[in-house]
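**Student:** For reference, the structure I am asking about is given below.
The values are calculated or read from the model by the stated rules, or taken from the named source; none is laboratory data. Given the structure is predicted, the values throughout are model-derived calculations rather than measurements. As a convention, Cβ positions derive from the backbone with ideal geometry for all residues, glycine included, and neighbour counts pool all protein chains shown.
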Amino acid sequence: MVKIFPIKLNDVNDIWINWLNDKIVTKYSIQRKKKHTLKSQVLFLKKKLNDKNCKLFKILYNEKFVGVIELKNIDKINNCAELSYMIGERELWGIGIGTKSIDLILKYAKKKLKLNKVISSIMSVNKASKKVLTKNKFKKYGEIKNFYYFQNKHVSKIFFIKYLK
């Protein structure tokens, strides 16, 4: 069973740090270019928790902390936010945790935050993220060609949007 809960400072642990330092987990993320420590993650989380335009959640699968999901750049004037997510436990990839987590955060965005649209962007080569977004009925609405330099070639940045009805 997948659940999401608001993250707290005491959720920072070695497991989360290991995900962030795992080159496979962060393959399509800017996080792959950073070295993460408990101290750097506590500083990061304090900043996020103090940001009124951000809601960061831990993802639990069968009560185990397996990832994070975030609504950031929350814009109350235009009723929208940007979505990002990471499933850190590689052995649990492909079983629907990302899809269900996104479904849960979209319900939160609509009910609690009164948002009417959520956007997300991915590298064009990130097939898993494209799959979970489209399973949640996100639609492609734009692309910037050659945006990222990834694995010795240029790849596009693809934008997705979901209107919450």
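**Student:** Quickly run through the stretch 101-144 and pick out the residues that are in contact (Cβ under 8 Å) with a residue 40 or more places away in the chain and basic (Lys, Arg).
**Tutor:** Answer for the stretch 101-144, where residues must be in contact (Cβ under 8 Å) with a residue 40 or more places away in the chain and basic (Lys, Arg): Lys110, Lys117.
**Student:** Can you find, within the stretch 83-100, the residue that is farthest from Lys162 (Cα to Cα) among those that are touching a residue at least 40 places away in the same chain (Cβ under 8 Å) and part of a loop (DSSP other than H, G, I, E, B)?
**Tutor:** Among them, the one singled out is Glu89.
**Student:** Suppose we filter the stretch 48-58 for residues that are surrounded by fewer than 14 Cβ atoms within 10 Å (Cβ to Cβ) and assigned to a strand (DSSP E or B); how many remain?
**Tutor:** Qualifying residue count for the region: 0.
**Student:** For the stretch 5-29, give me each residue that is outside any loop (DSSP other than H, G, I, E, B) and over 18 Å from Arg90 (Cα atoms). Full working, then the answer.
**Tutor:** Pass one, the stretch 5-29, residues outside any loop (DSSP other than H, G, I, E, B): 5-6, 9-11, 14-20.
Matches in the stretch 5-29: Phe5, Pro6, Leu9, Asn10, Asp11.
**Student:** Which ones in the stretch 30-45 are modelled with pLDDT of 85 or more and either among the small types (Gly, Ala, Ser) or farther than 20 Å from Lys72 by Cα (or both)? Break it down stepwise before answering.
**Tutor:** Step one: list which residues in the stretch 30-45 are modelled with pLDDT of 85 or more, which gives 37-45.
Answer for the stretch 30-45, where residues must be modelled with pLDDT of 85 or more and either among the small types (Gly, Ala, Ser) or farther than 20 Å from Lys72 by Cα (or both): Thr37, Leu38, Lys39, Ser40.
**Student:** Could I ask something else about it? Quick check on the stretch 71-82. Is at least one of its residues free of Cβ contacts under 8 Å to residues at least 24 places away in the same chain, more than 14 Å from the chain's Cα centre (by Cα) and assigned to a helix (DSSP H, G or I)?
**Tutor:** No, every residue in the stretch 71-82 fails to be free of Cβ contacts under 8 Å to residues at least 24 places away in the same chain, more than 14 Å from the chain's Cα centre (by Cα) and assigned to a helix (DSSP H, G or I).
**Student:** Right, next: Ala109 fails exactly one of the following numbered conditions: (1) over 21 Å from Val68 (Cα atoms); (2) touching a Leu at 6+ places or on another chain (Cβ under 7 Å); (3) not hydroxyl-bearing (Ser, Thr, Tyr). What is the number of that condition?
**Tutor:** Every listed condition holds for Ala109 apart from (1).
**Student:** Here is a further query. Hey, can you tell me all the residues within the stretch 29-51 that are under 22 Å from Leu104 (Cβ atoms) and not hydrophobic (A, V, I, L, M, F, W, C)? Step through it out loud before you land on a result.
**Tutor:** Residues of the stretch 29-51 that are under 22 Å from Leu104 (Cβ atoms), as a first pass: 29, 45, 48-49, 51.
Selection gives Ser29, Lys48, Asp51.
**Student:** Enumerate the pairs (first residue in the stretch 32-54 and β-branched (Val, Ile, Thr); second residue anywhere and part of a loop (DSSP other than H, G, I, E, B) and surrounded by 15 or more Cβ atoms within 10 Å (Cβ to Cβ)) with beta-carbon separation below 6 Å, excluding pairs fewer than 6 apart on the same chain, so at least 6 apart or on different chains.
**Tutor:** The qualifying pairs are Val42/Val12.
**Student:** Restricting to the stretch 32-47, what's the tally of residues that are surrounded by fewer than 17 Cβ atoms within 10 Å (Cβ to Cβ) and within 16 Å of the chain's Cα centre (by Cα)?
**Tutor:** Of the residues in the stretch 32-47, 2 are surrounded by fewer than 17 Cβ atoms within 10 Å (Cβ to Cβ) and within 16 Å of the chain's Cα centre (by Cα).
**Student:** Another one. Are any residues in the stretch 10-20 surrounded by fewer than 16 Cβ atoms within 10 Å (Cβ to Cβ) and either within 17 Å of the chain's Cα centre (by Cα) or within 27 Å of Asp103 (Cβ to Cβ) (or both), and if so, which ones? Reasoning before the result, please.
**Tutor:** If we filter the stretch 10-20 for residues that are surrounded by fewer than 16 Cβ atoms within 10 Å (Cβ to Cβ), which is where we start, we get 10, 13-15, 18.
Selection gives Asn10, Asn13, Ile15, Asn18.
**Student:** Please work out if Tyr61 is surrounded by fewer than 20 Cβ atoms within 10 Å (Cβ to Cβ), among the aromatic types (Phe, Trp, Tyr), out of contact with any helix residue (DSSP H, G or I) (no Cβ under 8 Å at 6 or more places or on another chain) and under 22 Å from Leu9 (Cα atoms). Lay out the reasoning, then the answer.
**Tutor:** Numbers: surrounded by fewer than 20 Cβ atoms within 10 Å (Cβ to Cβ): yes; among the aromatic types (Phe, Trp, Tyr): yes; out of contact with any helix residue (DSSP H, G or I) (no Cβ under 8 Å at 6 or more places or on another chain): no; under 22 Å from Leu9 (Cα atoms): yes.
No: the conditions fail for Tyr61.
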